[in-house]
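Chemist: Just dropping this structure here.
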Amino acid sequence: MATSIIRPTRRGLLQGAVATAAASTIPTGWAIAQAKPLKLGLMLPYSGTFAKLGENITFAVEMLIAEKGGKLGGREIQIIKLDDESKPENGPQNADRLVKRDQVDVLIGTVHSGVQMGIHKVVRESGTLTIIPNAGANAITRALCAPNVFRASFSNWQCPYGMGLVLGKRGVKKAAWVSWDYAAGIEAAEGFRDGLAKEGGELTKILTLKFPETNFQPLLAQLPELGVEAVGAFFAGGGAVQFVKEYKSAGIKMPLCGAFLTEGTLEAQGAAAEGIETALHYGDGLDNPKNHAFRKAFTDKAKREADVYAVQGYDAAQLLAVGLEAAKGKIEDEAALYKAMRGAKLDSPRGPISISPSQEVVHNIYLRRAENGLNKVVGIAAPALADPGTGCKLG
Ligand code: BEZ
């Protein structure tokens, strides 16, 4: 058999060197590159208040890859994990370690909006394909959007906007917001404010404390004096468990609501969470075949119940699979990869989802009520809601 050795240029690789390489008995640069596993960096919190969120995302990413037989687009996947500890100050350095030292082909990360901004700085420069499995920092799919960055979760604005709409429609005129003082909390307050305002209500006070502090008593003490009819809050993970319990113990009369406040935490919050309403893009009782199969597979693997974080990890991996399948495993074929990802219509456990022009998920925001240990879906707060994507210019 005649042998031809191809010295691959980037262009040549993308224009049909495949057939020639396959016919060759000597592995070419391309064949070697494709035989190598694709390096997937998972930059997530595996310690601190968001540790469980990072674990659930990881379980779900691994689950999707296993469902696909361990390969995406024909490439074996090698996972490299890094604990970002939800520390924004270490974000750029940690992202740099994955991108430059470990030379990952793709990065899935992270949970904390502040850490995400550090990742963003690095990957906008390196061009590394990045899929966000949680962190909602608005800027990433607005003014700072980038062609190589996709979000499979939500923007910080989306869910609280839905909660604000619901309260406004019920006639709530004045509400307050309590949260950690960083992008996730502040941008969530803006969404809540916008939703309320659309229906004639007003966000009259925002109370904050530093992330990840949990000295809630000084804030709780102020609430009864504010003259508001409802209180919205952003806390998640361990912080949300403590906040919900202390709110209940303080005997505050105004109903408490939010977005992530009771997600993945109901068991630990116990009776204190009963009746709390939240608006989120997922709910425990969602009755669709994908969700049923997903929840069973997740429990089998993780030995715990699935939550929104698991769903987002699964969808981040689904989105990657769509891209890699279209690009036949060639991560460097950005045209095919991004085109497929932008046009993706995913069968998510949260229901059908699509990708907006700013590379953000478009999804239903459900209204849920905590009942007997479940975040039961009781309605739709905002159907097929897209982030406004203000200031994003792609393509
Ligand atoms: C964030 O920092 O963006 C975030 C963290 C936990 C839950 C939701 C959002």
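The values are calculated or read from the model by the stated rules, or taken from the named source; none is laboratory data. Quantities reported herein were computed from a predicted structural model and do not represent experimental measurements. Note: ideal-geometry Cβ built from the backbone for every residue, glycine included; neighbour counts use all protein chains shown. Only protein heavy atoms, including side chains, enter the accessible area calculation; ligands, DNA and RNA are left aside. Shrake-Rupley method; radii C 1.70, N 1.55, O 1.52, S 1.80 Å.
Chemist: Checking D347 against (1) assigned to a helix (DSSP H, G or I); (2) under 19 Å from A60 (Cα atoms), only one condition comes out false. Which one?
Modeler: Of everything listed in (1) assigned to a helix (DSSP H, G or I); (2) under 19 Å from A60 (Cα atoms), D347 misses just condition (1).
Chemist: Another question about this same structure. Working only within segment 115-143, note down all residues that are within 12 Å of the ligand (Cβ to nearest atom) and over 12 Å from N94 (Cβ atoms).
Modeler: Answer for segment 115-143, where residues must be within 12 Å of the ligand (Cβ to nearest atom) and over 12 Å from N94 (Cβ atoms): M117, I132, P133, N134, A135, G136, A137, N138, A139, I140.
Chemist: Then there is this: Could you check V172 against (1) more than 16 Å from the ligand (Cβ to nearest atom); (2) of a type in the set (V, I, T); (3) open to solvent by less than 10 Å² (accessible area, probe 1.4 Å) and say which number it fails?
Modeler: So V172 meets the others, but not (3).
Chemist: Moving to a separate point now. Among M63, M43, M117, which is hydrophobic (A, V, I, L, M, F, W, C), open to solvent by 60 Å² or more (accessible area, probe 1.4 Å) and outside the structural domain of F211 (by TED's automatic domain parsing)?
Modeler: Step by step, each of M63, M43, M117 is checked, and only M117 is hydrophobic (A, V, I, L, M, F, W, C), open to solvent by 60 Å² or more (accessible area, probe 1.4 Å) and outside the structural domain of F211 (by TED's automatic domain parsing).
Chemist: Of all residues in segment 242-261, count the ones that are open to solvent by less than 40 Å² (accessible area, probe 1.4 Å) and either within 12 Å of the ligand (Cβ to nearest atom) or of a type in the set (A, V, I, L, M) (or both).
Modeler: 8
Chemist: Just to be sure before I move on: is L286 touching a residue at least 24 places away in the same chain (Cβ under 8 Å) and outside any helix (DSSP H, G or I) in the structure I sent?
Modeler: Taking the combined requirement at face value, the residue satisfies it.
Rundown of residues vs (1) free of Cβ contacts under 8 Å to residues at least 24 places away in the same chain; (2) open to solvent by less than 30 Å² (accessible area, probe 1.4 Å); (3) on the phi < 0 side of the Ramachandran plot, yes/no style:
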| site | (1), (2), (3) |
| --- | --- |
| H292 | yes, no, yes |
| K303 | yes, no, no |
| Q312 | no, yes, yes |
| A321 | no, yes, yes |
| K330 | no, yes, yes |
| A344 | no, yes, yes |
| E360 | no, yes, yes |
| P383 | yes, no, yes |
| K393 | no, no, yes |
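Chemist: Name the residue, out of D84, D102, D96, that is crowded, with 19+ Cβ neighbours inside 10 Å and acidic (D, E).
Modeler: D84
Chemist: Could you identify the single residue in G239, G264 that is within 16 Å of the ligand (Cβ to nearest atom), in a loop (DSSP other than H, G, I, E, B) and open to solvent by less than 70 Å² (accessible area, probe 1.4 Å)?
Modeler: Every option except G264 fails the conditions.
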